[in-house]
Every structure is written in structure tokens, then in C-alpha cells.
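Enquirer: Once you've had a glance at the structure underneath, I'll fire off some questions.
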Amino acid sequence: MLKKVVIENYRSCLRTSFDCHPNLSVLIGPNSSGKTNILQAIMLLNKMTQEPERRPSYEDAITVGSRIKSLFLFGRKETRFSATVNTYTNASNNDVMVKSQQKWLFMQLNGKHVSSEFPLFGASHLLGRMKEDHYFHFARSSMYYRHNIIRMEKELPKWAIIRLSNIARFCEGIRYYGASQFTNPGACPVSLEIETEGDRRRLSRHSGHARILYQMYSAYKSENSSRYNQFLNIVGPDGLRLIDRIKFKEVLTSSVEYSVRVGGKVKVHRLHKLLVIPQFQIGKQKLSPNQLSEGTFKTLALLFYIITENSTALLIEEPEVCIHHGLLSSILELIKTHSRHKQMIVSTHSDYVLDQVNPENVFRITFDKLSGTIVRHIRKTMTSKEFSALREYLDRVGNLGEYWREGGLGDRP
């Protein structure tokens, strides 16, 4: 689990320290206090596990250097990971990572430590190499990372490799849900073009709408589809009744590419592609994804991430957007249930969301012009007398959302 993160010089987070709850953390605060910035900074851990995008030039991009310090708990053993990252923000307000410098510090119970500068990308393959699985992914890695993997296998003790690899897999499994990702389902493609190579399948384009549809399709095709079936049961006629059924029609296509080598030799390369056509059945209607309402699409995406996605941590931005209170109550119960199996961090403006959670899960976010974004557990924002009054209020009078609405936690929603 992610025990603590310190974010320096990232948007409004000048030096923001956040001690995460092991299961569910709920971030509350006014607009522009920095709630979303905290989630996006944590998502940088996931971006560091991905192979850097190869772009011709970053000369026109204004990059910002930030630092992320993380404390992970693996069993009872702590591991510190720090990274200096250079990013720029693209037209979609997403971070594009240009470069990063990363360092590990593995603590042992006897007080000794081992340090390493192995990058997160490729680290999840270390344990796979030891177990002789995931070798295919290792073989496809760049020569630079293959060299680093072999070097680290020689330099690090086995226990450090196991810890590093599992933490890297944790970071690979971090997922992000933001309601703004799925605005305007009309922009959603009616089909997906998937490149196939042997047993491997890869989505050609990675936009927000297409990506969630591809993840649904992958779960549908998975040999272990129990979570996907659970997702269908919850959203289907016997559950929340959002839809009746989801189907994926497959059409195999192919194309030919020609390249001319030195000496005039022509090389022919045949590309096999799979056209996947999602269909959502509601009553007698069969709808394309772009025909769904915005509320239905967002709810399906959120429930899929909570239930089906094989994630290690889930960052949820404003789950209340476009979801009515009756449905939101069911979703919040699912969030609390699944937070026992994956770490969840939720940002919200909604006092109704606070109604459904315990004070131990709530963190207040404020912004100071000199200090930037500040995170404090609500227990630390109160005196002992004020916290006792809150406990008495919750036991006898009302709930946490009402307490916040009346100004009991400082800033009102």
C-alpha cells in the first residue's frame, strides 16, 4: 500500500504531505484547493511504469520539474521511493512525462538499508524473470531496460528484487477515474480498431472513451471473467438496471504495408486488425456507446473501475457528478466494500458523500498562497473538545455531511 506521499513543485502542491489511509481516503475542500492535483501527482507513479513516449522534440513544450517522494508498506517493511520528474501539460490538461530520475531506499527490520536507482519502468519484470514468467514482455523491452534488469539482478539481493518488483506492479495497477474524462459520450467511437500479433492485442488509440471500452472488452475476453460477470450483475436487470446487456461484435480485417530497403528490395508486411463493435442493450434497443446518456456512461465507467478493473489503487475524482443520490448511495457502498481489497482515494465537493463515510477516512484540503495545497486529517484540524463534539453530534444528531454543511469542518461545500 501507499503509506505516504510528499509532492513538491507540482501545480498547487508546493510541498504537500499526505499520509494515506490504508483503505479509503476522502479529500474534501473548496474549489482550487488542490484536490485534483494530489490525485494527478499520485498518478505520476503509474506514468513512470510506462515506456516513455518517443517524440521528435520537446523544444516547444514548457516543462516543469517536480519531485514525488513515496513511502510504501510491503508487509511490515517500508520502502522509500523518490523521483524528480519533468513534465509538460498537453492540450487535454494531461501530464506528459519527458524524463525522470528515480531512487529507491529499501529498509530492513534490523535498521540496515539498500539503495538503488533502478527505474520503475521494467521493474515489474524483475520478479517475473526470477519466476521465469512475463519473459515475453521482458524480451520486448528496449535494450537499455533489458541491460538495467540484468544489471540489477546482479547487484540487488533477492529480497530487494521481490519488494521492488511488487511495488512496481502496485504502481502499474494505479487507475484514475475523473468524471471529466467521460463528458459528452457523443464523442465516443462506435467501434475499436485493435492491432493483433499472435496472442497479443493492442488498442491503436488511447482516448478516454475508447480506453474504457477496450478495458471492458479485455475483461469480457479474459479467461478469468468472474469480476466482469459481477459487474454485469450489478449494472444489469437484477442490480441497478442501468443496462440489460453488453455485447462485443468482432470483425477480422487486414492490411498490407510495403517498405523499400537499400538495394531496391521490397518488404511486404501484413497487418492483422480486429474491429470490435460494442453494443449496449436496454430493453429492445441496441445502442452504440455514443448513444448512451452522459450519466449512464459515467456510472458504467466508475462501476467498472471499482468492481472489474484489476487495479491495486483507484483514484476517484468527484464520483457524485451526473449521478443522482439514490444511485450514488449504492456506489459509495461499493467503494467502501472494495476499498478492503484495493486502496482508494476519493476527492469530492459533496456533503452527501461525507454522509456515507467515517471521520477516520476524511482529509481536509486547503490552499495557502505561501504554502500551497495543505492536507490534514480532520482530527488534526480540531481540538480534542471539538472532535468530541463532532463524535457526539454524529452519535445523536446527524451525519458528517451535515456537520460540514453547517461549517463545522471549516470551509463549507
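Values quoted throughout were computed directly from the atomic coordinates according to the rules given, and no laboratory measurement underlies them. Everything quoted here is computed from the prediction, not taken from an experiment. Cβ coordinates were reconstructed from backbone atoms using ideal geometry, including for glycine residues, and neighbour counts include every protein chain displayed.
Enquirer: Which trypsin sites (Lys or Arg not before Pro) in the range 221-259 sit in a loop by DSSP (not H, G, I, E or B) and have at most 15 other Cβ atoms within 10 Å of their own Cβ? Don't skip to the end; give the middle numbers.
Expert: Values: sites: Lys221, Arg227, Arg241, Arg245, Lys247, Lys249; in loops: Arg241.
Taking the range 221-259 and a limit of 15 other Cβ atoms within 10 Å, the loop trypsin sites (Lys or Arg not before Pro) found are Arg241.
Enquirer: For a footprinting-style exposure proxy, rank Cys188, Cys13 by other Cβ within 10 Å, fewest first.
Expert: Working: Cys188 20, Cys13 25.
Lowest count first: Cys188, Cys13.
Enquirer: I've got another one for you. Could you tell me how far the Cα centroid of the range 5-29 sits from the Cα centroid of the range 285-346, in Å?
Expert: Cα centres, the range 285-346 to the range 5-29: 22 Å.
Enquirer: Given the options Ser33, Ser17, Ser218, which has the most mean-square fluctuation in a GNM of the chain, springs set between C-alpha atoms less than 10 angstrom apart?
Expert: In the Gaussian network model the winner is Ser218.
Enquirer: Among all the lysines, which ones have a C-alpha under 30 Å from Lys380's C-alpha, if same-chain residues fewer than 8 places away are not counted?
Expert: Filter leaves Lys3, Lys4, Lys35, Lys69, Lys77, Lys336, Lys342, Lys369.
Enquirer: Explain nothing, just the number: dipole magnitude of the chain about its Cα centre with +1 on each Lys and Arg Cβ and -1 on each Asp and Glu Cβ, in debye rounded to the nearest 20.
Expert: Values: 58 positive and 39 negative charges, 264 e Å.
In debye, rounded to 20, the chain gives about 1260.
Enquirer: How large is the dipole of the range 185-307 about the Cα centre if only Lys and Arg carry +1 and Asp and Glu carry -1, each at its Cβ, rounded to the nearest 20 debye? Before the final figure, lay out each step's value.
Expert: On the way: 19 positive and 10 negative charges, 65 e Å.
Dipole magnitude for the range 185-307 comes out near 320 debye.
Enquirer: If neighbour count is taken as other Cβ atoms inside 10 Å, put Arg76, Arg211 in order from fewest to most. Don't skip to the end; give the middle numbers.
Expert: Working: Arg76 6, Arg211 15.
Fewest-to-most ranking of Arg76, Arg211: Arg76, Arg211.
Enquirer: Averaging over all projection directions, find the projected area of the Cα convex hull of the range 185-307 and quote it in nm² with one decimal place. The partial results should precede the final answer.
Expert: On the way: hull surface 36.5 nm².
In nm², the orientation-averaged hull projection of the range 185-307 is 9.1.
Enquirer: Also, quick follow-up: Which cross-chain or sequence-distant (5 or more) residues have an amide H under 5 Å from the amide H of Val362, H modelled 1.01 Å from N in plane?
Expert: Under 5 Å from the amide H of Val362 lie the amide H atoms of Val26, Ile378, each far enough along the sequence or on another chain.
Enquirer: Separate question: Starting from 0.36 nm per residue, how many nanometres of slack lie between Phe387 and Gln50 once their C-alpha separation is accounted for?
Expert: Details: separation 337, 0.36 × 337 = 121.32 nm, distance 4.33 nm.
Between Phe387 and Gln50, full extension yields 117.0 nm more.
Enquirer: I need the helices of the chain that pass two filters: whole DSSP H segments spanning 27 Å or more by Cα along the axis, and mean Kyte-Doolittle score no lower than 0.0. Can you show the working numbers first?
Expert: Details: long enough: none.
Passing helices, by number: none.
Enquirer: Compare the Cα positions of Asn90, His113, Ser32 along the charge dipole of the chain (+1 at Cβ of Lys, Arg; -1 at Cβ of Asp, Glu; about the Cα centre) and return the one farthest towards the positive end.
Expert: His113
Enquirer: Can you sort Thr337, Thr383, Thr87, Thr348 by how many other beta carbons sit within 10 Å, fewest first? Provide the component values of the computation, followed by the final result.
Expert: Values: Thr337 11, Thr383 8, Thr87 21, Thr348 24.
Listing Thr337, Thr383, Thr87, Thr348 from fewest to most nearby Cβ atoms yields Thr383, Thr337, Thr87, Thr348.
Enquirer: With unit charges on the beta carbons (Lys and Arg positive, Asp and Glu negative) and the dipole taken about the Cα centre of the chain, which residue among Gly372, Leu390, Thr253 sits farthest to the positive side?
Expert: Checking the options against the dipole of the chain, the answer is Thr253.
Enquirer: Quick check for the range 245-309: number of Lys pairs with alpha-carbon distance under 25 Å, counting only pairs 8 or more apart or on different chains?
Expert: Pairs that pass both the separation and distance tests number 11.
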